[in-house]
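Note sheet for the following structure.
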Amino acid sequence: MPLHVPPAFAVEDRHSLDQLVDEHPFATLVTPATPEPHLSHVPLLREPGRDALVGHFARANPHWQHATGTTSIAIFHGPHAYVSPTWYAQPVDAVPTWNVATVHVHGRLEL
């Protein structure tokens, strides 16, 4: 399922995306499976000079047994904060929101 990102908030700058991953390397890894996907919270580091991430599963985590060659998504959560309508020049016309910075990395897992 794709994530809805309004065009005004989409970031295409690879350096900025890499920087968020480097500064917040603890990711949520999602691998499709039936009857429900496997989810793990794991440290993933960018491998210098390659478009690859390196990490590990605990041997007791069954996620790794279903991961080989499977396309997965690593979700890196960067800074986030509540934004109050009172922060705007016209607070009566604003709504509360939450600002987030995330990077979704899609790829095939190799053990």
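The values are calculated or read from the model by the stated rules, or taken from the named source; none is laboratory data. Here the structure is a predicted model, which is why all the values come from computation and not from measurement. When we count neighbours, we look across all protein chains shown, and the Cβ atoms used for this are built from the backbone with ideal geometry, even at glycine. Accessible surface areas use protein heavy atoms only, side chains included; no ligands, DNA or RNA. Shrake-Rupley method; radii C 1.70, N 1.55, O 1.52, S 1.80 Å.
Tabulated data
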| item | result |
| --- | --- |
| Nearest-ten-degree value, helix 14-23 long axis tilted from longest Cα axis of the chain | 80 degrees |
| Where labels lie 7 Å past Cα in the beta-carbon direction, separation of His41 and Tyr82 in nm | 2.1 nm |
| Net charge contributed by nearby residues that have their C-beta within less than 11 Å of Phe76 (K/R +1, D/E -1) | -2 |
| Accessible carbon and sulfur surface of the chain relative to its total accessible area, %, 1.4 Å | 61 percent |
| Accessible-area ranking of Arg108, Arg59, Arg50, largest first, probe 1.4 Å | Arg59, Arg108, Arg50 |
| Residue-level accessible surface for Glu47, protein heavy atoms, 1.4 Å, Å² | 50 Å² |
| Answer label, with Cα Rg over 2.2 N^0.38 Å calculated from the coordinates and candidates (1) 1.07; (2) 3.14; (3) 1.29 | (3) |
| Net dipole in debye of the chain [+1 Lys, Arg Cβ; -1 Asp, Glu Cβ; about Cα centre; nearest 20] | 300 debye |
| Highest-MSF residue in the chain out of Ala101, Ala81, Ala52 [GNM, Cα springs under 10 Å] | Ala81 |
| Area of Leu45 that stays accessible when all protein chains are in place (1.4 Å probe, Å², to 10) | 100 Å² |
| Residue-by-residue Karplus 3J(HN,Hα) for segment 25-40, coefficients 6.51, -1.76, 1.60, Hz, glycine and proline x | x, 8, 10, 9, 9, 10, 10, x, 7, 10, x, 8, x, 8, 10, 9 |
